[in-house]
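The values are calculated or read from the model by the stated rules, or taken from the named source; none is laboratory data. What you see is a predicted model; the values in this text were computed from it and never measured. Don't worry about glycine lacking a Cβ; one is built from the backbone with ideal geometry, like all the others, and counts go over all protein chains shown. Remember, those area values only see protein heavy atoms, side chains included, never the ligands or the DNA or RNA. Shrake-Rupley method; radii C 1.70, N 1.55, O 1.52, S 1.80 Å.
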Amino acid sequence: MAQERRQTAVTMGSVTTLTAAEVQAKIPLLANAQPGVFISGGARVDGAALVAGLLAQATAKNLTIRRERVHLTAQGQVVTSLGARQFDRVIVAAGAWAKELLAPLGITADVRPQKGQLIELAVKDYPIQENMPVLMPEGERDFVPFGHGKLIVGATHEDDGKFNLQVDPTVTADLFASAQRLMPSLTTANIAGTRVGTRAYTSDFAPFFGPVPDHEAILVASGLGSSGLTTGPQVGRLLAGSALYGGTPDWSEYEKPLATYLKPSAE
């Protein structure tokens, strides 16, 4: 399957099979390595660091960053603490909250929240840890090694969690048990922290983005799910270009028609 997909996604790099010993050599953290498939183009992203970097770049470009809750009016105005304001273009990139934000426009967005939790473990700091690949073991949680002895395990996909950002101890225990099955020497003392977030998903698990029907000055993006850190920067680039330069770009190569996900509330 990976070889087939590589035909249209050359950034995947090389795809090779590895023996258990070769997997062990790449990820010495493991105690019970299994054979696997290695994809050289795979990467890991520190979400917090990415956001911090984007905000720093925005500040360097003299952009104003305001942290406050806003909503839209039926006329497409943005209501902030400064009152209702009209902008040339507005990008709604609010994850699962997009449904709430677009409702005043008479639009029902096919998007729902999903809770995700992960744990951070403090593990032995191997010299090659900066270059260890992400591990997606069959039947277990994902393992994302970073440098300086940091290992991320997760994240979960909890449809019933919705917007609840409270840490669930039973989920933490499940994530730790998954890690311990591959690294039996771990104890709960290795748990350095937990993180909780909310993703946005559509009914068919595909993302959507573009101008809102009948409100061309408002652009929206949502439904990226757990691929947000991968696809989000590209979606953001496309939307930013549209907001800056206008026009009606053809994004059909990337997504289904926007009407698949945005419908008049009467329907």
In the structure shown, do any of 26/124; 99/256; 124/162; 99/162; 99/150 have a Cα-Cα gap over 24 Å, and if so which? 124/162; 99/150
Skip the ligands, DNA and RNA, and give the accessible area per residue of the chain with a 1.4 Å probe, whole Å². 59 Å²
Using alpha-carbon pairs under 8 Å, 6+ residues apart, how would you state the relative contact order of the chain in percent? 19 percent
Shape of segment 203-267, Cα gyration tensor, a/c cut at 1.5: oblate
Which of the chymotrypsin sites (Phe, Trp or Tyr not before Pro) found in segment 150-201 are loop residues per DSSP with 14 or fewer other Cβ atoms within 10 Å of their Cβ? 163
Would you indicate which of [x] -0.46, -0.93, -1.23; [y] -0.64, -1.12, -1.31; [z] -0.57, -1.03, -1.23 is the value of log10 I(q)/I(0) by the Debye sum over Cα atoms at q = 0.10, 0.14, 0.16 Å⁻¹ derived from the coordinates of this structure? [y]
I want to check the label-to-label distance for residue 263 and residue 167. Put each point 7 Å from Cα in the C-beta direction and report it in nm to one decimal. 4.1 nm
The helix 228-245 Cα axis meets the longest alpha-carbon principal axis of the chain at an angle in degrees, between 0 and 90 and rounded to 10, of 30 degrees
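Taking the mean number of other Cβ atoms within 10 Å as a proxy for protection, how do you rank 53-59, 110-116 from highest to lowest?
Numbers: 53-59: 11.1, 110-116: 19.4.
Top of the packing list down: 110-116, 53-59.
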Taking Cα atoms, how many degrees apart are the long axis of helix 169-182 and the longest axis of the chain, rounded to 10 and kept between 0 and 90? 40 degrees
Once R0 is set to 51 Å, what does the formula 1/(1 + (r/R0)^6) return for the Cβ-Cβ distance between residue 1 and residue 91, expressed as a FRET efficiency to the nearest 0.05? 0.90
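How do 148, 71 rank by accessible surface area computed with a 1.4 Å probe, from largest to smallest? Kindly include the intermediate steps, with their values, before the conclusion.
On the way: 148 155, 71 95 Å².
So, going from the largest accessible area down, we get 148, 71.
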Which distance in nm do the two modelled labels at residue 21 and residue 157 give, with both placed 7 Å along the Cα-to-Cβ direction? 3.6 nm
What do you get for the angle between helix 47-60 and the principal long axis of the chain? Use alpha-carbon atoms, 0 to 90 degrees, nearest ten. 50 degrees
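Let me have the relative contact order for segment 49-98, percent, based on Cα pairs under 8 Å that are six or more residues apart. Each step should come with its number before you reach the end.
Details: 27 pairs, mean separation 8.2, N = 50.
Relative contact order, segment 49-98: 16 percent.
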Dipole magnitude (debye, nearest 20) for the chain, charges at Cβ of Lys, Arg, Asp, Glu: 580 debye
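Over segment 194-235, what is the relative contact order in whole percent, taking alpha-carbon pairs under 8 Å and six or more residues apart? All intermediate terms of the calculation are to be shown ahead of the outcome.
Working: 47 pairs, mean separation 15.7, N = 42.
Relative contact order for segment 194-235 comes out at 37 percent.
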